[in-house]
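Scroll down for the structure; my scribbles are underneath it.
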Amino acid sequence: MPVDQTLVDAAKAQARARFPSGEGGAAAVYLCDGSILTSVGFDSPNEAANLCYETGAYCEAYRQGKTVVASVCVIREHENAPFVVVAPCGICRERLAIWRESVAVAVPVTDNPSQWRSVSFQDLQPWYWAAAFSSTSHTC
Ligand SMILES: [Zn+2]
């Protein structure tokens, strides 16, 4: 399932709800049953302890035994700035890899960061190292 505007809007709504002022962001994922999970990171005094915005939603999907089929992360620099879509970081790509057969992610359009598009995990990681091994199948 590709990322769509509904999922991006869910991430923005979560970010606005949790961070009504200042910098903030959030993630939203579609599960295989069509439901949406959202999550945010937290700001620990020790930045090494912080987690990506996506982590909570990925962990909850895994806890439920559901497949993540689409993922988006949005950030803004302050409450008056527009949200932009950010591609998953390297660690989140590793987290997403358990659903790599079916997951799509939002990435910014290179020459226009206010725009985004949906790509497959294969498009995101064309030479993913663990592709040499069979992936774990997940059921919804
Ligand atoms: Zn990340």
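The values are calculated or read from the model by the stated rules, or taken from the named source; none is laboratory data. Note that the structure is predicted; figures quoted are calculated from it, not measured. Note that each Cβ is placed from the backbone with ideal geometry, even for glycine, and that neighbours are counted across all protein chains shown. Surface accessibility is based on the protein's heavy atoms, side chains included, excluding ligands, DNA and RNA. Shrake-Rupley method; radii C 1.70, N 1.55, O 1.52, S 1.80 Å.
Taking Cys52, is it under 18 Å from the mean Cα position of the chain (by Cα), outside any loop (DSSP other than H, G, I, E, B) and within 14 Å of the ligand (Cβ to nearest atom)?
Working: under 18 Å from the mean Cα position of the chain (by Cα): yes; outside any loop (DSSP other than H, G, I, E, B): no; within 14 Å of the ligand (Cβ to nearest atom): yes.
Taking the combined requirement at face value, the residue does not satisfy it.
Would you please name the residue that is most open to solvent (accessible area, probe 1.4 Å), looking only at residues in segment 84-140 that are under 16 Å from the mean Cα position of the chain (by Cα) and among the aromatic types (Phe, Trp, Tyr)?
Trp116
Could you pull out the residue among Ala27, Ala10, Ala15, Ala57 that is surrounded by 20 or more Cβ atoms within 10 Å (Cβ to Cβ), more than 16 Å from the ligand (Cβ to nearest atom) and not acidic (Asp, Glu)? Can you show your working first?
On the way: Ala27 fails: more than 16 Å from the ligand (Cβ to nearest atom); Ala15 fails: more than 16 Å from the ligand (Cβ to nearest atom); Ala57 fails: more than 16 Å from the ligand (Cβ to nearest atom).
After applying the criteria, what remains is Ala10.
Residues in segment 11-20: is at least one of a type in the set (A, V, I, L, M, F, W, C), assigned to a helix (DSSP H, G or I) and under 20 Å from Val109 (Cα atoms)? Reasoning before the result, please.
So in segment 11-20, the residues of a type in the set (A, V, I, L, M, F, W, C) come out as 11, 13, 15, 17, 19.
Checking which are assigned to a helix (DSSP H, G or I) leaves us with 11, 13, 15, 17.
Subset that is under 20 Å from Val109 (Cα atoms): 11.
Looking through segment 11-20, at least one residue is of a type in the set (A, V, I, L, M, F, W, C), assigned to a helix (DSSP H, G or I) and under 20 Å from Val109 (Cα atoms).
Could you please let me know if Ser35 is among the polar types (S, T, N, Q), more than 19 Å from Gln125 (Cβ to Cβ) and open to solvent by less than 50 Å² (accessible area, probe 1.4 Å)? Spell out how you get there, then give the answer.
Details: among the polar types (S, T, N, Q): yes; more than 19 Å from Gln125 (Cβ to Cβ): yes; open to solvent by less than 50 Å² (accessible area, probe 1.4 Å): yes.
Here the answer is yes, as Ser35 does meet what is asked.
Looking at segment 55-78, which of its residues are without any contact (Cβ under 8 Å) to a residue 60 or more places away in the chain and outside any strand (DSSP E or B)?
Pass one, segment 55-78, residues without any contact (Cβ under 8 Å) to a residue 60 or more places away in the chain: 55-64, 68, 77-78.
Correct list: Thr55, Gly56, Ala57, Tyr58, Cys59, Glu60, Ala61, Tyr62, Arg63, Gln64, Glu77, His78.
Here are Ala49, Ala81, Ala87: which of them is free of Cβ contacts under 8 Å to residues at least 40 places away in the same chain and under 16 Å from Gly22 (Cβ atoms)?
Working: Ala49 fails: under 16 Å from Gly22 (Cβ atoms); Ala87 fails: under 16 Å from Gly22 (Cβ atoms).
One residue alone meets the criteria, Ala81.
Yes or no: segment 36-45 includes at least one residue that is modelled with pLDDT of 95 or more and farther than 19 Å from Arg76 by Cβ. Please lay out each step first, then the result.
Step one: list which residues in segment 36-45 are modelled with pLDDT of 95 or more, which gives 36-40.
Those still in the list that are farther than 19 Å from Arg76 by Cβ too: 36-37.
Scanning segment 36-45, I find at least one residue that is modelled with pLDDT of 95 or more and farther than 19 Å from Arg76 by Cβ, so the answer is yes.
Out of Ser21, Ser44, report the one residue that is in contact (Cβ under 8 Å) with a residue 24 or more places away in the chain, surrounded by fewer than 22 Cβ atoms within 10 Å (Cβ to Cβ) and not hydrophobic (A, V, I, L, M, F, W, C). I'd like the intermediate steps shown before the answer.
Numbers: Ser44 fails: in contact (Cβ under 8 Å) with a residue 24 or more places away in the chain.
Being in contact (Cβ under 8 Å) with a residue 24 or more places away in the chain, surrounded by fewer than 22 Cβ atoms within 10 Å (Cβ to Cβ) and not hydrophobic (A, V, I, L, M, F, W, C) holds for just one of Ser21, Ser44, which is Ser21.
Tell me yes or no: at least one residue of segment 99-113 is part of a strand (DSSP E or B), more than 15 Å from Pro2 (Cβ to Cβ), out of contact with any Asp or Glu (no Cβ under 6 Å at 6 or more places or on another chain) and modelled with pLDDT under 95. Before you say what the answer is, go through the steps one by one.
Taking segment 99-113 and keeping what is part of a strand (DSSP E or B), we get 104-109, 112-113.
Next, from what is left, pick out any that are more than 15 Å from Pro2 (Cβ to Cβ): 108, 112-113.
Cutting the leftovers down to out of contact with any Asp or Glu (no Cβ under 6 Å at 6 or more places or on another chain) gives us 108, 112-113.
Still in the running and modelled with pLDDT under 95: 112-113.
Yes: one or more hits.
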